[in-house]
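What follows is a set of notes on a single structure, which appears directly below.
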């Protein structure tokens, strides 16, 4: 057989075919390597730049930083497992809420539990249940939580008038007893109370010569005690002018104590009832001392004003 020029045959032709296959395989390997490197570069850029999330904020984005990776680092990335190349997401940490129990408020009180609200409400409701001036019960009829007593007769309220006999028949033990009881009654009054003592004989003699309320302060109580000790018995028995002074005070008294040791004119009761008429009568607590001559008049006055009547048998 004659070989034609330009045509390979035999072993040479097989060698050329093998070389061509090797070249194609190398090119394919290089292409795959380039593709893998491109993917790795994209992943690295994503990790560095932090993209992939939807932006919730507004305004221009910050500058983008590009990572420069050497061939050695790129080869190391080829060998690394894909799990190490995925950006890690930190587990959310549990937020602790400070407990409110026992926390002091600006006023200094601890924050109450929900169960305490009922108690608070009942406390507020109870604050309105007390009696005020003019709504009292029992002897005296009017007044708040305060009160006093005179010869053991209690009256409630904060304003008291004493209409007491210092006529000539009161000399001696009766006058001394009256002074002692007056001072004890004034001292027993609450500091926010008020009083007026109107002595009577033939005419009315208000203490300190004042026809107005006296505050029951410690100072005024001491001054009243001095004035009481200085009183002397004299004159006749006419309580009417003393009642005029006592029932003319404003605000009105919560109660009047009326004490005498003798008989007085029966027209006095009618006059007092005329001054003390209306829906809000002032109760008059009547006391007869040793002598019962005025008892019928005293009982009538007490009954028609909502007061009480008592008789003091002796000065001891």
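The values are calculated or read from the model by the stated rules, or taken from the named source; none is laboratory data. Keep in mind that what you see is a predicted model, and the values were worked out from it rather than measured. Methodologically, a virtual Cβ is constructed for each residue, glycine included, from the backbone with ideal geometry; neighbour enumeration extends over all protein chains shown.
Could you give every pair whose Cβ atoms fall below 9 Å, whose first residue belongs to region 157-175 and is on the phi > 0 side of the Ramachandran plot and outside any strand (DSSP E or B), and whose second residue is modelled with pLDDT of 95 or more and surrounded by fewer than 22 Cβ atoms within 10 Å (Cβ to Cβ), counting only separations of at least 6 or pairs across chains?
172/233
Return yes when residue 232 is modelled with pLDDT of 95 or more, in a loop (DSSP other than H, G, I, E, B) and either surrounded by fewer than 20 Cβ atoms within 10 Å (Cβ to Cβ) or out of contact with any helix residue (DSSP H, G or I) (no Cβ under 9 Å at 6 or more places or on another chain) (or both) and no when it is not.
It is true that residue 232 is modelled with pLDDT of 95 or more, in a loop (DSSP other than H, G, I, E, B) and either surrounded by fewer than 20 Cβ atoms within 10 Å (Cβ to Cβ) or out of contact with any helix residue (DSSP H, G or I) (no Cβ under 9 Å at 6 or more places or on another chain) (or both).
Can you find a residue in region 306-314 that is part of a strand (DSSP E or B), without any contact (Cβ under 8 Å) to a residue 40 or more places away in the chain, surrounded by fewer than 17 Cβ atoms within 10 Å (Cβ to Cβ) and touching a strand residue (DSSP E or B) at 6+ places or on another chain (Cβ under 6 Å)?
yes
Among the listed residues 277, 271, 299, which satisfies the condition of being surrounded by fewer than 19 Cβ atoms within 10 Å (Cβ to Cβ) and closer than 21 Å to residue 206 by Cβ?
Exactly one of 277, 271, 299 is surrounded by fewer than 19 Cβ atoms within 10 Å (Cβ to Cβ) and closer than 21 Å to residue 206 by Cβ, namely 271.
Collect the residues in region 284-296 that are surrounded by fewer than 23 Cβ atoms within 10 Å (Cβ to Cβ) and on the phi < 0 side of the Ramachandran plot, keeping them in residue-number order.
291, 292, 293, 295, 296
Based on this model, can you work out whether residue 184 counts as surrounded by fewer than 23 Cβ atoms within 10 Å (Cβ to Cβ), at pLDDT 95 or above, out of contact with any helix residue (DSSP H, G or I) (no Cβ under 7 Å at 6 or more places or on another chain) and more than 17 Å from residue 226 (Cα to Cα)?
When the stated conditions are applied, residue 184 does not pass them.
Does region 198-217 hold any residues that are within 37 Å of the chain's Cα centre (by Cα) and surrounded by 19 or more Cβ atoms within 10 Å (Cβ to Cβ), and which are they?
214, 216 - these are the residues of region 198-217 that are within 37 Å of the chain's Cα centre (by Cα) and surrounded by 19 or more Cβ atoms within 10 Å (Cβ to Cβ).
Looking at residue 220, is it free of Cβ contacts under 8 Å to residues at least 60 places away in the same chain, in a loop (DSSP other than H, G, I, E, B) and surrounded by 16 or more Cβ atoms within 10 Å (Cβ to Cβ)?
no
Within region 124-146, is even one residue part of a strand (DSSP E or B) and modelled with pLDDT of 75 or more?
no
For every residue, the table says whether it meets (1) under 26 Å from residue 183 (Cβ atoms); (2) touching a strand residue (DSSP E or B) at 6+ places or on another chain (Cβ under 6 Å); (3) not in a loop (DSSP other than H, G, I, E, B).
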residue: 228; (1), (2), (3): yes, no, yes
residue: 236; (1), (2), (3): yes, no, no
residue: 242; (1), (2), (3): yes, yes, yes
residue: 285; (1), (2), (3): yes, yes, yes
